[in-house]
Amino acid sequence: MDILTHIFLPLTLLYVLKRGFKTKHFPLALFAILPDFDVLTGIHRGLFHSIIFLAPLSALMLATEYASKKRLKYSLIALFFLYSHILLDFLAGGVPLLYPIVNQGVGIKFPFIIRFGESISIVDAAPRLVYSHPRPIHGEVDAFSSFGVANTALFLLIYWKVGGEKGDAGGFEVKRLSKALKAVFSQRCCLKDNRIE
């Protein structure tokens, strides 16, 4: 799955569903791509996709925030993004949850196929358990896809539309711009004697 999908699909969900989620929380969305940094080790969907790596990292993040702030807010949002990556990869071909102890991943595939011809029939609709292995990778990652671009566009549309209702900074700017545009277009402009009335 591409970087844009990993960032913007959970960001859209969280922005729409979580009250109090503001623009200042957006940088936490970068945790959604942290697992893909395992490509730096030469293996994609390897160690950084494994619970063996993620569980201690999660505990450290929670403990650090609680020790310093006596609350859990930012670490929970960051972990939402982190584990959304694992869930999306689980639904897109499999994740090696116990790597490097177990070198095999598991996931679910949804092969919903409709066949058109003389009649319309559903060929395969049952979700399947699939198995995968971490794969060696050399300097190449799926950065963007059409699905990722669509997720980004959906987020931007929702951010600009919902932002004003949530009182978010982005919404404030949109409200201001909207008022300015309404003022410009609601006035009747006529050119008389080289002046605008």
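The values are calculated or read from the model by the stated rules, or taken from the named source; none is laboratory data. Only a predicted model underlies this, so the values are computations on that prediction, with no experimental measurement involved. Heads up, the Cβs are rebuilt from the backbone with ideal geometry, glycines too, and the neighbour counts pull from every protein chain shown.
Within region 101-121, can one find any residue that is touching a His at 6+ places or on another chain (Cβ under 8 Å) and small (Gly, Ala, Ser)? First the steps, then the outcome.
Here is the first cut: in region 101-121, the residues touching a His at 6+ places or on another chain (Cβ under 8 Å) are 103-105.
Within this subset, residues satisfying the condition of being small (Gly, Ala, Ser) are 105.
Looking for residues that are touching a His at 6+ places or on another chain (Cβ under 8 Å) and small (Gly, Ala, Ser), one finds at least one in region 101-121, hence yes.
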Exercise for review: Return yes or no: is ALA78 among the aliphatic types (A, V, I, L, M), at pLDDT below 90 and touching a Phe, Trp or Tyr at 6+ places or on another chain (Cβ under 6 Å)?
Suggested key: no
Practice item. Residue by residue through region 91-148, note down the ones that are β-branched (Val, Ile, Thr) and either in contact with a strand residue (DSSP E or B) (Cβ under 8 Å, 6 or more places away or on another chain) or surrounded by fewer than 12 Cβ atoms within 10 Å (Cβ to Cβ) (or both). Key: VAL95, ILE101, VAL106, ILE108, ILE113, ILE114, ILE120, ILE122, VAL123, VAL130, ILE137, VAL141
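Would you mind finding the one in TYR131, TYR99 that is touching a Pro at 6+ places or on another chain (Cβ under 7 Å), at pLDDT 80 or above and of a type outside the set (Asp, Glu)?
On the way: TYR131 fails: touching a Pro at 6+ places or on another chain (Cβ under 7 Å).
Testing whether each residue is touching a Pro at 6+ places or on another chain (Cβ under 7 Å), at pLDDT 80 or above and of a type outside the set (Asp, Glu) leaves just TYR99.
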Check your understanding: If you go through region 149-158 one residue at a time, do you hit one that is within 30 Å of ARG19 (Cα to Cα), assigned to a loop (DSSP other than H, G, I, E, B) and at pLDDT 85 or above?
Key -> no
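Let's see how each residue does on (1) touching a helix residue (DSSP H, G or I) at 6+ places or on another chain (Cβ under 6 Å); (2) among the aromatic types (Phe, Trp, Tyr); (3) free of Cβ contacts under 8 Å to residues at least 24 places away in the same chain:
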{"site": "PHE48", "(1), (2), (3)": "yes, yes, yes"}
{"site": "ILE52", "(1), (2), (3)": "no, no, no"}
{"site": "LEU79", "(1), (2), (3)": "yes, no, no"}
{"site": "LEU91", "(1), (2), (3)": "no, no, yes"}
{"site": "GLN104", "(1), (2), (3)": "no, no, no"}
{"site": "PRO111", "(1), (2), (3)": "no, no, yes"}
{"site": "ILE114", "(1), (2), (3)": "no, no, yes"}
Revision key, fill the gap. In region 2-35, anything surrounded by fewer than 17 Cβ atoms within 10 Å (Cβ to Cβ) and in a loop (DSSP other than H, G, I, E, B) is listed as LYS18, ARG19, GLY20, LYS22
Check your understanding: Only one of these conditions is not met by ASP38: (1) in contact with a His (Cβ under 8 Å, 6 or more places away or on another chain); (2) surrounded by fewer than 17 Cβ atoms within 10 Å (Cβ to Cβ). Which number is it?
Key -> (2)
Review point. Which residues, taken from region 41-75, are surrounded by fewer than 14 Cβ atoms within 10 Å (Cβ to Cβ) and farther than 26 Å from ILE101 by Cβ?
Key: THR64, TYR66, ALA67, SER68, LYS69, LYS70, ARG71, LYS73
